[in-house]
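This report refers to the structure that appears directly beneath it.
The values are calculated or read from the model by the stated rules, or taken from the named source; none is laboratory data. Since this is a predicted model, take the numbers as computed values, not measurements. Every residue, glycine among them, receives a Cβ derived from its backbone with ideal geometry; neighbour counts consider all protein chains shown.
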Amino acid sequence: MNEPTLRNSRLALAGGLAIALAVGGTGFLIGRGTSPREVAPPAAAPVAAVPAVVQPAPSLSDPGDIVKTRADLIALASQAADAFASGRSLPKAAADLAGQRFELRLPFGCRGPSDSDSNSPMRWRYDGEAKALRVHVAPVVWGGADLGASGDGSAIGAAAEGFWIPRPWTASETCPAAQDSAAPTGADAVTLPGQTLAVAQFADGAGQGLRDGKPYETVVRAAPEEAPGTQGLQLRLRGRIGGTADRSPVSCRQPAGPEQRPICIVAVTFDDVAIDNPQTGKTLAIWSADRASLPDR
């Protein structure tokens, strides 16, 4: 048996090391080839920029475009009466209502048709034979003495023409639900001494002439079922709140002294006056500031 020499031992060690390196390198290459490779994430698709939508700020209604109602006129007169009775000026918010639009409906003829010889200022009568509805509405005329006096004793306004607002304690614009049973059907309405609120156009307020008490009258064809019932008719007034000679929208007075409830007149400019039939929803006649029309004759 031959003894290993130093040279043979070195060759054996070198060969073993070479084999180990070869096996390790081969395993590394095989493992690298079979291991899952990291896949780069796909590039993100470009996102289109969405323009910001600016919501418009809600527009506030112009107070001048709001049509004032019966309730507003009653509130205005109440403030004016309080200011007058206490010797104060009308609150600015109330005084600023001058120039604003209004629409007011005054019911009349709630007790039924008037007699043919009636002299009630606001009345209607149905002629069954002629199938005609006859309507008569006379405005109230106030002279200078009726309107009070200014500080120097002169009359506040030469004259005014308009209408009392019946039952100024309610905002309702229809006939009262319950009629006074003490008055017969068809009885004429009367101007009670307690009337305290009216709307009127002053002769020197808008530069327009008054009717000098000339009534609004119309006769329209109507079937029997179109005759007003317990709802009566409605006088519809439209225009703008005006001003008296002292530029106030309301004129108040206490002819019987400080213990009397002030009588107030809201100054207005009438654009048109109409008569409506709530029974049918029709307008029977319209009188504008410059002409009259009968839309439902």
Quiz item: Just for segment 77-113: of the residues that are closer than 16 Å to Thr170 by Cβ and outside any loop (DSSP other than H, G, I, E, B), which one is farthest from the chain's Cα centre (by Cα)?
Solution: Phe108
Exercise. Kindly provide the set of residues from segment 126-148 that are farther than 25 Å from Pro249 by Cβ, part of a strand (DSSP E or B) and not aliphatic (A, V, I, L, M), ordered by number.
Key: Tyr126, Asp127, Arg134, His136
Quiz prompt | Breaking point among (1) aliphatic (A, V, I, L, M); (2) at pLDDT below 95; (3) surrounded by 18 or more Cβ atoms within 10 Å (Cβ to Cβ), for Ala198 | solution = (2)
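Looking for something farther than 30 Å from Glu225 by Cα and either part of a strand (DSSP E or B) or of a type outside the set (A, V, I, L, M) (or both) - is there at least one such residue anywhere in segment 276-288? Step through it out loud before you land on a result.
Start the filter on segment 276-288 by keeping residues that are farther than 30 Å from Glu225 by Cα, which leaves none.
No, because not a single residue in segment 276-288 is farther than 30 Å from Glu225 by Cα and either part of a strand (DSSP E or B) or of a type outside the set (A, V, I, L, M) (or both).
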Exercise. Can you confirm whether segment 243-266 contains a residue that is surrounded by fewer than 19 Cβ atoms within 10 Å (Cβ to Cβ), modelled with pLDDT of 95 or more and of a type outside the set (Val, Ile, Thr)?
Key: no
